[in-house]
Amino acid sequence: MKNKDSYTHVRGESLFVDDINVKQGTLHAIVFDSPVANGRIINVDYSAALQLAGVAKIFTYADIPGENQIGAIIQDEPLFAENEVHYQGQPIALVVAESLSIAKKAKKLIKIKFEEFPAITTAKEAFEKKSFISPPRTFAIGNTKTAFEKCDYIFEGTTFSNGQEHLYLETQGSYSYPMENGNIKIISSTQGPTAVQKITAKILGIPMHKLEVEVIRLGGAFGGKEDQGTPWAAMTAMAALKLHKPVKLILERIDDMRMTGKRHPYESTFKIGLDKNLRILAYETDYYQNAGASADLSPAIAERTLFHATNSYYIPNVKATLYSCKTNLPPNTAFRGFGGPQGMFVIESAIAKAAGELNIPTYKIQEANLIQDGDVFPYGQVSSETQIKNAWKHTFTFYNVEDKIKNISRFNKENIIRKKGYSFMPVTFGISFTNTMMNHARALIHIYQDGSVGISTGAVEMGQSVNTKMIQVAAISFGIDKEKIKIETTNTTRVANTSPTAASATTDLNGKALLKACDKIKKRFGKVINELLSLSSEDIISFKDNCIYVNDEKSALSWEKLVWETFARRISLSEIGHYSTPVINFDKTIEKGHPFAYYVYGTAFTIVSVDCIRGDYDIESVDIVHDFGKSINKGIDIGQVEGALVQGIGWMTMEELYYDKKGHLLSNSLSTYKIPDIFSVPKHINIEALETNGNDMAILKSKAVGEPPLMYGIGTYFALENAIKAFNPDYNPEFDSPMTPEKLLMGLYAENKT
Ligand code: MTE
Ligand code: LUZ
Ligand code: MOS
């Protein structure tokens, strides 16, 4: 099935928050935010702004009827700053006016006096000053201390991976309007409608049922709206409640980039120990996570970094510790991979370091340590149905990798100023929210009297095409044409208490809930069918081709007739389904359990070509073998792999977030923050499906696909390092990403200091 949205997207007819026809009397809002990254507010003078004709009101923390608190995991983040500001871009007030241009003018008239303090911008600095978000956590297995004593080789090093701006096409925004009796309807661009409802209720000091949160679709999110869609919704809801008027707030790109958090930068250290057969016996790592000014989702992201500390490798002795460091940057947040990529970058660096020192190809170490069935992850889950070796081997055979490596060596011998490099990137990514409590979902089905169907779930469409897959699930279950099925918006009044659309698990969780609802209705239909067709208990009913089949033979009973007959018998044509993932558990007190329903596996083989005079480079090809399970939609799934790969490459090679010492974001627009474009993407992206049985906990055995392929992009970093080494044998890798052309050029001409 083609992506259901492609038709309206191409025609510009798809609706986003900013496309909604506003109601008469709608007011427009703009956020007044902190100009400094750390300071004490002495005084804010709103008088001139308030005098401007057309300004309705300026809201500050003092106007909040409930609690000035939006923290999701830790209660440490105000909606509006009170007396202190902790990052540049922190909201202080909301200016609401008759038009956006008046609101903008008014904002310029606000005068703020503050005392500025030095800002902390890096994790290490925060660590030294003991500025933390939460206590450190350690995942450990075996005994690294005694294991290192048995190692033949031990290597140590440090790494840095930078943050990443989400750059969703649709910026943050919301539109709220008052209903009767103090109820508010909020239209939000959020991955978490329930988070918006819950936190807005807290801000307004009203029960959740007074708020209806509606999500049509998002113009991309990538984690950036998992909980950071919330403040803007709470702000417009508060203004709508107080002013009894509709209020709209859409952030401009430069405001969005300044005010919102991003992927967490990580500074890390590693120590890796191997035996003569290249088996990794011990691995120690410390992560310093740059969390920004408040917790946001950092503790959960920290957890996933720890879960993926060893990526696709079995290491019997591991000690991984994460320090979540509080800095004066916007609170960093979820971003595709959710800390997993940061953890994987460190183990891949450690392996590359070991290989460099031993003067062997990196893949020899990778290959010698891939996980197999029965291996235990440091957090206690035992690996089963493991596919990483299969993906790895299939990459070699399917893409003739050995020949390609030989060709690269030959090319490098024959060419002086152009060098090629290659790398392998195996990925093993766990599917489920690591917080077990979040792994459940609900769906609601209405079948109308004419046989058409409306389905609602808790899933938010953000480009990943979950809506298309939901329609497929219902169409397959009912055996009817997809045209008979409509997917409704995501709305807290229809489907309540949802987990955010995140963790790549949305399609599984909501799809399974939907299947359960379908099954319940089909069971009810069964009685009607028996009656209408006078069946016996041995007859087997199935739903196919818009008809009822009995013992695999088409009966005269059509879907429409069945629906009407059911209705006529006064039987309900509506149903809800609820699904919660079985088996999973995790005990934080011992940091052990079985947190993931299953894993997604794959391997990427990357070839790059470097111009050793200029330092610029091409990514010639990325050859991927990916475990889709039994994909229910290859087109969509391949699109997810391509998009995630390119996003991962952008993070690793060109997207350079830059905050100055005072905590001001300098890379604050698309002219200073470079993301991949059609010229910089790999010349060839090949994606081969690994044929596997799928997994029963994946929807129709079609495995989750949203995040795992982002980590294939890490391979490009190491392919570039490999090319540098081909030119400059003295090069001492720094594991400092992104590998921009500038850094690469420095590497080409670096002299070995040791
Ligand atoms: N694809 C598009 N086009 N836009 C997005 O914002 N978000 C990604 C991924 N794919 C995203 C996307 C992220 S971060 C996640 S967690 C998953 O989609 C969420 O959807 P799923 O759970 O249905 O895979
Ligand atoms: N969000 C979350 C996530 O709350 N928990 C997770 O485990 C997760 N994983 C990936 C992306 N978002
Ligand atoms: Mo994705 S980072 O789970 O929104």
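If residue 363 passes every condition in (1) within 16 Å of ligand 1 (Cβ to nearest atom); (2) part of a helix (DSSP H, G or I) but one, which one does it miss?
It fails just one condition, (1).
Please determine whether any residue of region 152-161 is out of contact with any strand residue (DSSP E or B) (no Cβ under 7 Å at 6 or more places or on another chain) and more than 30 Å from residue 245 (Cα to Cα).
Initial filter on region 152-161 (out of contact with any strand residue (DSSP E or B) (no Cβ under 7 Å at 6 or more places or on another chain)): none.
So far as region 152-161 goes, no, none of its residues is out of contact with any strand residue (DSSP E or B) (no Cβ under 7 Å at 6 or more places or on another chain) and more than 30 Å from residue 245 (Cα to Cα).
Any chance region 199-215 includes a residue that's under 21 Å from residue 71 (Cα atoms) and within 16 Å of ligand 3 (Cβ to nearest atom)?
Within region 199-215, none of the residues are under 21 Å from residue 71 (Cα atoms) and within 16 Å of ligand 3 (Cβ to nearest atom).
So how many residues does region 618-651 have that are farther than 22 Å from residue 385 by Cα and among the acidic types (Asp, Glu)?
Residues flagged as farther than 22 Å from residue 385 by Cα and among the acidic types (Asp, Glu) within region 618-651 amount to 4.
Listed here are the residues, each with its yes/no results for (1) more than 16 Å from ligand 2 (Cβ to nearest atom); (2) surrounded by fewer than 19 Cβ atoms within 10 Å (Cβ to Cβ).
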residue: 472; (1), (2): yes, no
residue: 483; (1), (2): yes, yes
residue: 486; (1), (2): yes, yes
residue: 496; (1), (2): yes, yes
residue: 509; (1), (2): no, no
residue: 512; (1), (2): yes, no
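Looking only at region 695-723, filter to residues that are part of a helix (DSSP H, G or I) and open to solvent by 20 Å² or more (accessible area, probe 1.4 Å); which one of those is nearest to ligand 2 (Cβ to nearest atom)? Walk me through it before giving the result.
At the first step, the residues of region 695-723 found to be part of a helix (DSSP H, G or I) are 708-723.
Filter again for open to solvent by 20 Å² or more (accessible area, probe 1.4 Å), leaving 718, 722.
Numbers: 718: 23, 722: 30 Å.
Per the stated criteria, the residue is 718.
Just for strands (runs of 3 or more DSSP E) wholly inside region 198-281: which have at least 2 residues that are among the hydroxyl-bearing types (Ser, Thr, Tyr)? Break it down stepwise before answering.
On the way: elements: 211-215, 247-250, 266-274.
Those strands (runs of 3 or more DSSP E) span 266-274.
Considering only region 182-197, how many residues are under 23 Å from the mean Cα position of the chain (by Cα) and in a helix (DSSP H, G or I)? Before you say what the answer is, go through the steps one by one.
Filtering region 182-197 for residues under 23 Å from the mean Cα position of the chain (by Cα) gives 187-197.
Still in the running and in a helix (DSSP H, G or I): 193-197.
Selection size over region 182-197: 5.
Here are some residues: 635, 663, 615. Which one is of a type outside the set (Asp, Glu) and within 22 Å of the chain's Cα centre (by Cα)? Outline the logic, then answer.
Values: 663 fails: within 22 Å of the chain's Cα centre (by Cα); 615 fails: within 22 Å of the chain's Cα centre (by Cα).
Sole residue among the options that is of a type outside the set (Asp, Glu) and within 22 Å of the chain's Cα centre (by Cα): 635.
Do we find a residue being among the charged types (D, E, K, R) and buried (at least 16 other Cβ atoms within 10 Å of the Cβ) anywhere in region 102-121? Before the answer, list the steps.
We begin by selecting, within region 102-121, every residue among the charged types (D, E, K, R); these are 104-105, 107-108, 111, 113, 115-116.
Right, trim to buried (at least 16 other Cβ atoms within 10 Å of the Cβ) and you get 105, 107.
Scanning region 102-121 turns up at least one residue that is among the charged types (D, E, K, R) and buried (at least 16 other Cβ atoms within 10 Å of the Cβ).
Could you look through region 207-233, keep only residues that are surrounded by fewer than 24 Cβ atoms within 10 Å (Cβ to Cβ) and farther than 26 Å from residue 24 by Cα, and pick out the one that is farthest from ligand 2 (Cβ to nearest atom)?
207
Go through (1) in contact with a strand residue (DSSP E or B) (Cβ under 7 Å, 6 or more places away or on another chain); (2) of a type in the set (Val, Ile, Thr); (3) surrounded by fewer than 24 Cβ atoms within 10 Å (Cβ to Cβ) and name the single condition residue 397 misses.
For residue 397, the failing item is (1).
Of the residues 472, 464, only one is in a helix (DSSP H, G or I) and within 16 Å of ligand 1 (Cβ to nearest atom); which? So that I can check it myself, show each step before the final result.
On the way: 464 fails: in a helix (DSSP H, G or I).
So the residue among 472, 464 that is in a helix (DSSP H, G or I) and within 16 Å of ligand 1 (Cβ to nearest atom) is 472.
Name the one entry in 48, 37, 29 that is at pLDDT 95 or above, within 17 Å of residue 97 (Cα to Cα) and within 31 Å of the chain's Cα centre (by Cα).
Working: 48 fails: within 31 Å of the chain's Cα centre (by Cα); 37 fails: within 17 Å of residue 97 (Cα to Cα).
Unique residue meeting the criteria: 29.
Looking only at region 116-138, count every residue that is assigned to a loop (DSSP other than H, G, I, E, B), aromatic (Phe, Trp, Tyr) and under 15 Å from residue 299 (Cα atoms) and tell me the total.
Looking only at region 116-138, we keep the residues that are assigned to a loop (DSSP other than H, G, I, E, B), and these are 117-122, 129-131, 133-136.
Filter again for aromatic (Phe, Trp, Tyr), leaving 117.
Checking the rest, the ones that are also under 15 Å from residue 299 (Cα atoms) come to none.
Matching residues across region 116-138 total 0.
In region 576-597, how many are touching a strand residue (DSSP E or B) at 6+ places or on another chain (Cβ under 9 Å), aliphatic (A, V, I, L, M) and part of a loop (DSSP other than H, G, I, E, B)? Reasoning before the result, please.
Residues of region 576-597 that are touching a strand residue (DSSP E or B) at 6+ places or on another chain (Cβ under 9 Å), as a first pass: 576-581, 583-588, 591-597.
If we keep only those that are aliphatic (A, V, I, L, M) too, we end up with 576, 583-584, 597.
With part of a loop (DSSP other than H, G, I, E, B) added as a condition, the list becomes 583-584, 597.
Number of matching residues: 3.
Scanning for something of a type in the set (A, V, I, L, M) and either over 17 Å from the mean Cα position of the chain (by Cα) or open to solvent by 60 Å² or more (accessible area, probe 1.4 Å) (or both), does region 134-144 turn up at least one residue? It would help to see each step written out before you state the result.
First, the residues of region 134-144 that are of a type in the set (A, V, I, L, M): 140-141.
Those left that are additionally either over 17 Å from the mean Cα position of the chain (by Cα) or open to solvent by 60 Å² or more (accessible area, probe 1.4 Å) (or both): 140-141.
Yes: region 134-144 contains one or more residues that are of a type in the set (A, V, I, L, M) and either over 17 Å from the mean Cα position of the chain (by Cα) or open to solvent by 60 Å² or more (accessible area, probe 1.4 Å) (or both).
Cβ-Cβ under 8 Å, sequence separation 6+ or interchain: first residue in region 339-354 and on the phi > 0 side of the Ramachandran plot, partner within 16 Å of ligand 3 (Cβ to nearest atom) and not in a helix (DSSP H, G or I). Which pairs?
339/264; 339/289; 339/308
Restricting to region 433-450, give me the number of residues that are open to solvent by less than 40 Å² (accessible area, probe 1.4 Å) and touching a strand residue (DSSP E or B) at 6+ places or on another chain (Cβ under 8 Å). Give the derivation first.
From region 433-450, those open to solvent by less than 40 Å² (accessible area, probe 1.4 Å) are 433-434, 439, 441, 443-445, 447; that's our starting set.
From what is left, the residues that are touching a strand residue (DSSP E or B) at 6+ places or on another chain (Cβ under 8 Å) are 434, 439, 441, 443-445, 447.
Total satisfying the criteria: 7.
May I ask you to list the residues in region 309-344 that are under 16 Å from residue 159 (Cα atoms) and within 16 Å of ligand 3 (Cβ to nearest atom)?
Listed by number, the residues that qualify are 339, 340, 341, 342, 343, 344.
Do we have residue 263 as more than 18 Å from residue 196 (Cα to Cα) and within 16 Å of ligand 2 (Cβ to nearest atom) here? Break it down stepwise before answering.
Working: more than 18 Å from residue 196 (Cα to Cα): yes; within 16 Å of ligand 2 (Cβ to nearest atom): yes.
Answer is yes for this residue.
Scan 140, 53, 62, 81 and give me the residue that is in contact (Cβ under 8 Å) with a residue 60 or more places away in the chain and of a type outside the set (D, E, K, R).
Unique residue meeting the criteria: 140.
Mind checking whether some residue in region 234-246 is within 16 Å of ligand 2 (Cβ to nearest atom) and under 25 Å from residue 506 (Cα atoms)? Steps first, answer last, please.
Quick first cut of region 234-246, residues within 16 Å of ligand 2 (Cβ to nearest atom) only: none.
The answer is no; no qualifying residue exists.
A quick yes/no check of all residues on (1) of a type in the set (A, V, I, L, M); (2) surrounded by fewer than 16 Cβ atoms within 10 Å (Cβ to Cβ); (3) within 16 Å of ligand 3 (Cβ to nearest atom):
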site: 516; (1), (2), (3): no, no, no
site: 532; (1), (2), (3): yes, no, no
site: 562; (1), (2), (3): yes, no, no
site: 568; (1), (2), (3): yes, yes, no
site: 571; (1), (2), (3): yes, yes, no
site: 576; (1), (2), (3): yes, no, no
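Looking at region 382-399, is at least one residue within 19 Å of residue 504 (Cα to Cα) and within 16 Å of ligand 2 (Cβ to nearest atom)?
Looking through region 382-399, none of the residues is within 19 Å of residue 504 (Cα to Cα) and within 16 Å of ligand 2 (Cβ to nearest atom).
Here's a check for you: in region 326-363, which residue that is among the charged types (D, E, K, R) and open to solvent by 10 Å² or more (accessible area, probe 1.4 Å) is farthest from ligand 2 (Cβ to nearest atom)? Before the answer, list the steps.
Taking region 326-363 and keeping what is among the charged types (D, E, K, R), we get 326, 336, 348, 353, 357.
In the following step, the residues that additionally are open to solvent by 10 Å² or more (accessible area, probe 1.4 Å) were identified as 326, 336, 353, 357.
Working: 326: 20, 336: 7, 353: 28, 357: 34 Å.
The selected residue is 357.
Output the residues belonging to region 615-639 that are part of a helix (DSSP H, G or I), in contact with a Ser or Thr (Cβ under 8 Å, 6 or more places away or on another chain) and buried (at least 19 other Cβ atoms within 10 Å of the Cβ).
As a first pass, look at region 615-639 and keep what is part of a helix (DSSP H, G or I): 634-639.
From what is left, the residues that are in contact with a Ser or Thr (Cβ under 8 Å, 6 or more places away or on another chain) are 636-637, 639.
Passing the criteria: 636, 637.
Does region 292-302 contain at least one residue that is part of a strand (DSSP E or B) and either more than 12 Å from residue 346 (Cα to Cα) or of a type outside the set (A, V, I, L, M) (or both)? Spell out how you get there, then give the answer.
Step one: filter region 292-302 for residues part of a strand (DSSP E or B), giving 292.
From what is left, the residues that are either more than 12 Å from residue 346 (Cα to Cα) or of a type outside the set (A, V, I, L, M) (or both) are 292.
Yes - at least one qualifying residue is present in region 292-302.
For region 502-514, give me each residue that is within 16 Å of ligand 3 (Cβ to nearest atom), of a type outside the set (Gly, Ala, Ser) and out of contact with any Pro (no Cβ under 9 Å at 6 or more places or on another chain).
Answer for region 502-514, where residues must be within 16 Å of ligand 3 (Cβ to nearest atom), of a type outside the set (Gly, Ala, Ser) and out of contact with any Pro (no Cβ under 9 Å at 6 or more places or on another chain): 507, 508, 509, 510.
Are there strands (runs of 3 or more DSSP E) fully within region 15-87 with at least 2 residues that are open to solvent by less than 20 Å² (accessible area, probe 1.4 Å) and closer than 24 Å to residue 193 by Cα? List them.
Values: elements: 27-33, 39-45, 55-59.
Filter on region 15-87 gives 27-33.
The values are calculated or read from the model by the stated rules, or taken from the named source; none is laboratory data. Everything numeric in this text was worked out from a predicted model, so none of it was measured. Here the Cβ is made from the backbone with ideal geometry for all residues, glycine too, and neighbour counts use every protein chain on show. Ligands, DNA and RNA are stripped out before the accessible areas are found, and what is left, the full protein with its side chains, is counted by its heavy atoms. Shrake-Rupley method; radii C 1.70, N 1.55, O 1.52, S 1.80 Å.
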